[in-house]
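Asker: Got a structure for you, questions after.
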Amino acid sequence: MTKSLVIVESPAKARTIAGFLGDGYVVESSIGHIRDLPKSADDVPPALKKVPWAKLGVDVENDFKPLYVVDADKKQHIQRLKQLLKDADELYLATDEDREGESIAWHLYEVLQPKVPVRRMVFHEITRKAIQQALSSPREIDRRLVEAQEARRILDRLFGYEVSPVLWKKILPKLSAGRVQSVATRVLVERERERMRFVTAKYWDLDALIAKKDGSTFDAGLVSVGRARVASGKDFGEDGRLTKSDVVLLDEAQAKALADGLRGQPMTVRSVERKPYKRSPSAPFMTSTLQQEAGRKLRFSTSRTMKAAQRLYENGYITYMRTDSTTLSEAALTAARRLIEEMYGREYVPSAPRTYANKVKNAQEAHEAIRPAGDTWKTPEDVSREVGPDEAKVYELVWKRTVASQMQDVRGESIVVKIAGKARDGRDVEFSVSGNTIQFAGFYRAYVEGSDDPEAELESREKHLPELVEGESLVARELKANGHETQPPARYTEASLVRRLEELGVGRPSTYASTLSTIQDRGYVFKKGTALYPSWTAFAVVSLLEKHFPELVDYAFTARMEDDLDEIANGAQNAVPWLRRFYFGEAANEGPNGAGGDNGLKTMVSENLGEIDARAVNSIPIGVDPNGVEIVARVGRYGPYLQRGEDTVSIPEELAPDELTVEKSLALLTAPSGDREVGKDPETGLTVFVKAGRFGTYVQLGEATKDGEKPKTASLFSSMKAETLTLEQALKLLSLPRTVGNDPADGVAITAQNGRYGPYVQKGTESRSLESEDQIFTVTTEQALALLAQPKTRGPRRAAATGPLKELGVDPVSQKPIVLREGRFGPYVSDGDTVASLRKGDTIDGITPERAQELLAERRERGPSTKSKRGRGGAKAKAAASEKPAAEKKAPAKKAAKKASTKKPAAKKASAKKSDEGDGAEAEDSRPAKKRSPDVTAEP
């Protein structure tokens, strides 16, 4: 029997498509990309280990020839695909119809080397009809799309591998630069700079309760005094000064005096202006607008939105979810119009289908807009019974937005009433009030942007006024003076940052989720609630790139790259000359063998590296103190800190850059250090200190000696306070570890001590946790032996010792209660199945059920943790090491803290794989840092 092999990217997609095809088809998944540029030297084939360009993965001297290596985890799967291919009479490559999908199809063709006919099968929705149509009209692999995707991949590799080492040498190890991520970080830093420059201004206005003769009342606001408009927030610049001279600025005294002078005064309706208005629906969703609306309405991160959309697409509920298009097919238009008539009535169906012009720079129109799949659409209620809660919410958004996009306009009437009056001091004033009524709800019946309940939103969008006519007499019954302060520009959220990147033409729909994840994982950005805060490291990185690589973070330059990639995809440009100009410079294609450029990436890096002043790029001026001494925030090896002359102090992690004013800086610099003498040790005569360290409060015996010998230290128990610590308590801490006794069986000593993860007893390499810190001084030999005889217990036993810090409701995915706990590595939330640590910016007091759900969802998206098979004895050695308690000297002293801080876990690498369950991956290279000696980092 004839068999056809169909290869798609993901197992979920394969299962859905297999259900539409008969016995003559075998549907299998490639599980994303099967090969890519080498991620490290270990991935380079042995025969190429000594080739200079192999680790880069691109032979820049030979037409930018890429070195592709098969992922080690995919080799066995590729053998399975080859075996299936042996039994097949034809091969269908059914990956997504975009550049990346085309690239995956080409890589499959290159690796599998099929001897049977090969057909490229494309579709934008996974329905029986769409799959049958795709089977009946296959095409060839589009080599131009592949070339454009290869050019993007190579460009991102060159960018990351050339620029990232500059950041390691001049700022900090393990940082990364990327074509899109660096621009996104710059957008956030520029907004924070605006907030730092911002000077608050104060202004006042009046609200009046105005009465008609019949006793009915309405509110109105003051708009002018003496024919001059009253200043409002929009009239001030970021320096706090008025930008216009024809407005009147009221202070508190003036506003209150004016209120007193108007109270009870007669007023007259000066004008009544009525205007009809209409509002048209928004276009159907494309990727970026779906991410934005899910962020506003559902408080979903971009990656969480795309995970849910991916699952909906793969299971046949919506069309392809990575698209720039706002176009709907004829079948979709027919389905929408039929559904609108059935649900809302014929009057809600426009005379002709609506079409939408795409306003996105560099838009690719390969697909439809995101819409419900098929020719008849399941209702959100039906889908919610078949999918998870995230998928149900995203489907409902897509369904409502698509339906609304084909409905009639909202029509109504707006009214603006101007009311004249005269204060007792003779000044003329004018108040204004506006109202509106909805005469025909139109698309509001189905969907209101930013609102969850269209019916409730209809009410809130109407404002009714009493009937008013010109010349009508009124009276000001109550007046209230209101003070206001101008506000700095709002911080970006994930949704608004996506919108800004889209406006700039930077990146693609498939890049936004991975870009946002990368800049957070790299420590450039952290979230508080939904707001994105740039870190001081981000300031240093952006400062370096702006001063020494301005083109690379220029918005127009980055957007032009997207235009060039489009031209490569449509055949208007060739990839090799384009890459040559980018890497070697504008004159590159004129020289012999394409070399000799003067302003390419390679030249920029080589010429700028020696000129970069590490101290300068790591310094962010804050201001000057009253004595004229400059205060500077610096990014150091052990974290950000403030410096004024010789005085330094660490900047608290939770402090946002715009909150670090001169006043706040002085408070930090002049705050007591927390160090104090507790007394003298009677045995050694050395002074005992209690000190505040980076990792908590600790006691110290004496000072460091000239020969560098470190003093003994010990951390305080959780029940102790620095200000009340006695000498007796300090000496007891310094006496640890305590010898409990010897095991009668073998004579081995048993000790009790306080470690990184709490109190414990130890005999040789065996250890067991104690229930409390006080037991360190009271546990007996018999009790210790009884503990050591018990089986080892990990986290659950310790967690059981203390209850949850907070209960945070039920998780909508697992339907299990979420709790907040304190763990060995800090606070975390868990539903019993998934554990997610709190991120920078999250606090125990401030964590909400919504934020906990978001953290758990993000943790699920990352999938299970993977452990390295290499390094220091492998997994067994790691397991053995994890059994050991921490050293008895916790040593939170300043030098020890610095040493510890260099061992931060490496940030996650941006994957270049297309996840079978997640957002697609036109991800940038984030070159992993080499093992480096500490002196490569700029030390202030």
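The values are calculated or read from the model by the stated rules, or taken from the named source; none is laboratory data. What you see is a predicted model, and the numbers here were worked out from it, not measured in a lab. FYI the Cβ positions are ideal-geometry reconstructions off the backbone, even for glycines, and counts take in every protein chain you see.
Asker: Determine whether segment 401-415 contains at least one residue that is at positive phi and not in a strand (DSSP E or B).
Answerer: no
Asker: Hey, among the residues in segment 814-852 that are of a type in the set (S, T, N, Q) and not in a loop (DSSP other than H, G, I, E, B), which one's nearest to the chain's Cα centre (by Cα)?
Answerer: It comes out as SER837.
Asker: Given the condition modelled with pLDDT of 95 or more and acidic (Asp, Glu), answer yes or no: does some residue in segment 162-180 qualify?
Answerer: no
Asker: Which of the numbered conditions does ASN627 fail, given that it passes all the others? Conditions: (1) without any contact (Cβ under 8 Å) to a residue 24 or more places away in the chain; (2) part of a strand (DSSP E or B); (3) of a type in the set (S, T, N, Q).
Answerer: (2)
Here is a yes/no grid of residues against (1) at pLDDT 90 or above; (2) outside any strand (DSSP E or B):
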{"residue": "THR739", "(1), (2)": "yes, no"}
{"residue": "GLN783", "(1), (2)": "yes, yes"}
{"residue": "PRO791", "(1), (2)": "no, yes"}
{"residue": "ARG797", "(1), (2)": "no, yes"}
{"residue": "GLY803", "(1), (2)": "no, yes"}
{"residue": "PRO812", "(1), (2)": "no, yes"}
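Asker: Does segment 405-412 contain at least one residue that is under 30 Å from PHE218 (Cβ atoms), surrounded by 19 or more Cβ atoms within 10 Å (Cβ to Cβ) and in contact with a Ser or Thr (Cβ under 7 Å, 6 or more places away or on another chain)?
Answerer: The answer is yes, given that some residue of segment 405-412 is under 30 Å from PHE218 (Cβ atoms), surrounded by 19 or more Cβ atoms within 10 Å (Cβ to Cβ) and in contact with a Ser or Thr (Cβ under 7 Å, 6 or more places away or on another chain).
Asker: Please indicate, with yes or no, whether at least one residue in segment 58-69 is more than 28 Å from VAL8 (Cα to Cα) and surrounded by 18 or more Cβ atoms within 10 Å (Cβ to Cβ).
Answerer: Yes, because at least one residue in segment 58-69 is more than 28 Å from VAL8 (Cα to Cα) and surrounded by 18 or more Cβ atoms within 10 Å (Cβ to Cβ).
Asker: Filter segment 291-330 down to the residues that are touching a helix residue (DSSP H, G or I) at 6+ places or on another chain (Cβ under 7 Å) and of a type in the set (Asp, Glu), then identify the one that is surrounded by the fewest Cβ atoms within 10 Å (Cβ to Cβ).
Answerer: The qualifying residue surrounded by the fewest Cβ atoms within 10 Å (Cβ to Cβ) is ASP324.
Asker: ASP205: touching a Gly at 6+ places or on another chain (Cβ under 7 Å) and under 16 Å from ASN482 (Cβ atoms), yes or no? Talk me through it step by step, then tell me what you get.
Answerer: On the way: touching a Gly at 6+ places or on another chain (Cβ under 7 Å): yes; under 16 Å from ASN482 (Cβ atoms): yes.
Yes; evaluated as a whole, the condition is true for this residue.
Asker: Would you check if there is a residue in segment 534-549 being of a type in the set (D, E, K, R), in the same structural domain as LEU172 (by TED's automatic domain parsing) and modelled with pLDDT under 90?
Answerer: Taking every residue of segment 534-549 in turn, none turns out to be of a type in the set (D, E, K, R), in the same structural domain as LEU172 (by TED's automatic domain parsing) and modelled with pLDDT under 90.
Asker: Considering only residues that are closer than 16 Å to LEU85 by Cα and surrounded by fewer than 17 Cβ atoms within 10 Å (Cβ to Cβ), look in segment 1-50 and name the one that is farthest from the chain's Cα centre (by Cα).
Answerer: If we take residues in segment 1-50 being closer than 16 Å to LEU85 by Cα and surrounded by fewer than 17 Cβ atoms within 10 Å (Cβ to Cβ), then MET1 is farthest from the chain's Cα centre (by Cα).
Asker: Which condition number in (1) at pLDDT 95 or above; (2) surrounded by fewer than 23 Cβ atoms within 10 Å (Cβ to Cβ) is the one that ASP214 fails?
Answerer: Here ASP214 meets the rest and fails (1).
Asker: Same structure again: Any idea which of LYS307, LYS278 is at negative phi, charged (D, E, K, R), part of a strand (DSSP E or B) and at pLDDT below 95?
Answerer: The match here is LYS278.
Asker: Here's another thing I want to ask about it. Out of all the residues in segment 591-612, is one or more of a type in the set (A, V, I, L, M), at pLDDT below 90 and outside any helix (DSSP H, G or I)?
Answerer: Yes, segment 591-612 contains a residue that is of a type in the set (A, V, I, L, M), at pLDDT below 90 and outside any helix (DSSP H, G or I).
Asker: Looking only at segment 490-512, which residues are outside any loop (DSSP other than H, G, I, E, B) and of a type in the set (A, V, I, L, M)?
Answerer: Within segment 490-512, ALA495, LEU497, VAL498, LEU501, LEU504 meet the criteria.
Asker: Let me ask something else about it. Please identify the pairs in which a residue from segment 829-844 that is outside the structural domain of ALA531 (by TED's automatic domain parsing) has its Cβ atom under 7 Å from the Cβ atom of a residue that is in a strand (DSSP E or B) and of a type in the set (Ser, Thr, Tyr), counting only partners at least 6 apart or on another chain.
Answerer: The qualifying pairs are VAL835/TYR828; ALA836/TYR828; SER837/TYR828; LEU838/TYR828; GLY841/TYR533.
Asker: GLU630 passes all but one of (1) over 30 Å from GLU703 (Cβ atoms); (2) under 28 Å from the mean Cα position of the chain (by Cα); which number fails?
Answerer: So the condition that GLU630 fails would be (2).
Asker: For residues in segment 372-390 being among the charged types (D, E, K, R) and in a loop (DSSP other than H, G, I, E, B), which is farthest from the chain's Cα centre (by Cα)?
Answerer: So, considering only residues that are among the charged types (D, E, K, R) and in a loop (DSSP other than H, G, I, E, B), the one farthest from the chain's Cα centre (by Cα) is ASP375.
Asker: Out of curiosity, is ALA588 surrounded by 15 or more Cβ atoms within 10 Å (Cβ to Cβ), at negative phi, touching a Lys or Arg at 6+ places or on another chain (Cβ under 9 Å) and modelled with pLDDT of 90 or more? Quick ask: steps written out before the conclusion?
Answerer: Details: surrounded by 15 or more Cβ atoms within 10 Å (Cβ to Cβ): yes; at negative phi: yes; touching a Lys or Arg at 6+ places or on another chain (Cβ under 9 Å): yes; modelled with pLDDT of 90 or more: no.
In short, no.
Asker: Being within 14 Å of PHE777 (Cβ to Cβ) and without any contact (Cβ under 8 Å) to a residue 60 or more places away in the chain is the filter here; which residues of segment 708-729 pass it?
Answerer: PHE717, SER719, MET720, GLU728, GLN729
Asker: Tell me, which residue of segment 528-549 that is over 24 Å from the mean Cα position of the chain (by Cα) and part of a helix (DSSP H, G or I) is surrounded by the most Cβ atoms within 10 Å (Cβ to Cβ)?
Answerer: Per the criteria, the residue is HIS548.
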